[in-house]
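The values are calculated or read from the model by the stated rules, or taken from the named source; none is laboratory data. All values reported here derive from a predicted model rather than from experimental measurement. FYI the Cβ positions are ideal-geometry reconstructions off the backbone, even for glycines, and counts take in every protein chain you see. What goes into the accessible areas is simple: the full protein's heavy atoms, side chains included, and nothing from ligands, DNA or RNA. Shrake-Rupley method; radii C 1.70, N 1.55, O 1.52, S 1.80 Å.
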Amino acid sequence: MPAPYRYFVLAEFILAALTMAGLRFIVAPYGRHNRPGWGPSIPARLGWLVMEAPASLLVAYFFATGANRASLVPLLLLALWQIHYVHRAFVYPFRLRGGTRMPLAVAAMAFAFNLLNAYVNGMWIGHYGSYPTSWLADPRFLIGVLLFAGGLALNLRSDRILRALRRPGESGYKIPQGGPYRWVSSPNYLGEIVEWLGWALATWSFAGLAFAVYTIANLAPRALANHRWYQSEFPDYPDRKALLPYLW
Ligand SMILES: NC(=O)c1ccc[n+]([C@@H]2O[C@H](COP(=O)([O-])OP(=O)(O)OC[C@H]3O[C@@H](n4cnc5c(N)ncnc54)[C@H](OP(=O)(O)O)[C@@H]3O)[C@@H](O)[C@H]2O)c1
């Protein structure tokens, strides 16, 4: 693994630490936390499409140019990645309801992160990772894939419940009920975190770990902010945790 690549992986860990520290003081200004003072804005649909597209397209490019491009296990890892990111970049934005906007600065920062993350993870599975076919029977791979699939299912289901709260044209907020919302306020974030922990395990790599750590650093503080927001907006908000059932 060449030195420059290692520095980019290290940079992702450092970015995770900075993100966790920064989000203790600032709530990222998009969605329910959007507020004036963050410069020009763009339609949220466009923001999601543009900022998430590199995670799918660049990983496909790095993979296609790598020595692993015809190897079975890396191809399966690529399939997992693309199941998530083709949906996130090219399906999810078109299902959003509410017609909201997001600051261009937020989209630009997420775009930049996705460039880094696509490089770190795409180069790993396409070029530098070494996965013999026997990895398919390794407990780390098997448990990692199960976690990834379970996290993805939770993330998709939770986002679907949120979407159903608004009729086409509506833009307000309601209390999500049922399913995983019985236990936590942001099960979509919990699903996302479990997914990338599964990815870290299945790839058994610093690249995967860096992304899982970054996802926790980004989404745990936001889950807490969402939870407090629900409690302050809805006096009848049910008793549930922010992110981890029964715990937190
Ligand atoms: N890997 C990462 O680091 C990362 C980072 C960010 C997001 N994500 C993923 O991207 C997806 C979206 O993230 P997000 O932060 O936008 O999630 P979110 O705040 O839960 O919002 C998701 C969607 O549901 C709507 N919504 C949320 N709560 C609602 C309510 N109570 N009533 C009606 N509509 C509601 C939102 O509308 P508004 O936009 O109008 O609020 C938005 O369209 C999630 O699956 C998340 O896991 C991943």
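Quick check: is even one residue across the stretch 103-116 open to solvent by less than 20 Å² (accessible area, probe 1.4 Å) and of a type in the set (S, T, N, Q)?
yes
Of the residues 184, 194, which is under 24 Å from residue 232 (Cα atoms), touching a residue at least 40 places away in the same chain (Cβ under 8 Å), open to solvent by less than 50 Å² (accessible area, probe 1.4 Å) and within 13 Å of the ligand (Cβ to nearest atom)?
184
Residue 129 - would you say it is modelled with pLDDT under 95 and closer than 26 Å to residue 51 by Cβ?
Considered against the rule, which asks whether it is modelled with pLDDT under 95 and closer than 26 Å to residue 51 by Cβ, residue 129 comes out as no.
Quick test for you: out of 149, 105, 118, pick the one residue that is assigned by TED's automatic domain parsing to the domain that holds residue 203 and small (Gly, Ala, Ser).
The match here is 149.
May I ask you to say which residue of 126, 144 is open to solvent by less than 20 Å² (accessible area, probe 1.4 Å), away from the ligand (no atom under 16 Å from the Cβ) and farther than 14 Å from residue 207 by Cα?
Of 126, 144, the one residue that is open to solvent by less than 20 Å² (accessible area, probe 1.4 Å), away from the ligand (no atom under 16 Å from the Cβ) and farther than 14 Å from residue 207 by Cα is 144.
Would you check which residues across the stretch 1-13 are within 15 Å of residue 109 (Cβ to Cβ) and either small (Gly, Ala, Ser) or without any contact (Cβ under 8 Å) to a residue 24 or more places away in the chain (or both) and list them?
Within the stretch 1-13, just 11 meets the criteria.
Provide a single number: the residues in the stretch 161-181 that are part of a helix (DSSP H, G or I), near the ligand (Cβ under 10 Å from one of its atoms) and of a type outside the set (Val, Ile, Thr).
Residues flagged as part of a helix (DSSP H, G or I), near the ligand (Cβ under 10 Å from one of its atoms) and of a type outside the set (Val, Ile, Thr) within the stretch 161-181 amount to 4.
Looking at 200, 225, can you tell me which residue is within 13 Å of the ligand (Cβ to nearest atom), in a helix (DSSP H, G or I) and surrounded by fewer than 22 Cβ atoms within 10 Å (Cβ to Cβ)?
225
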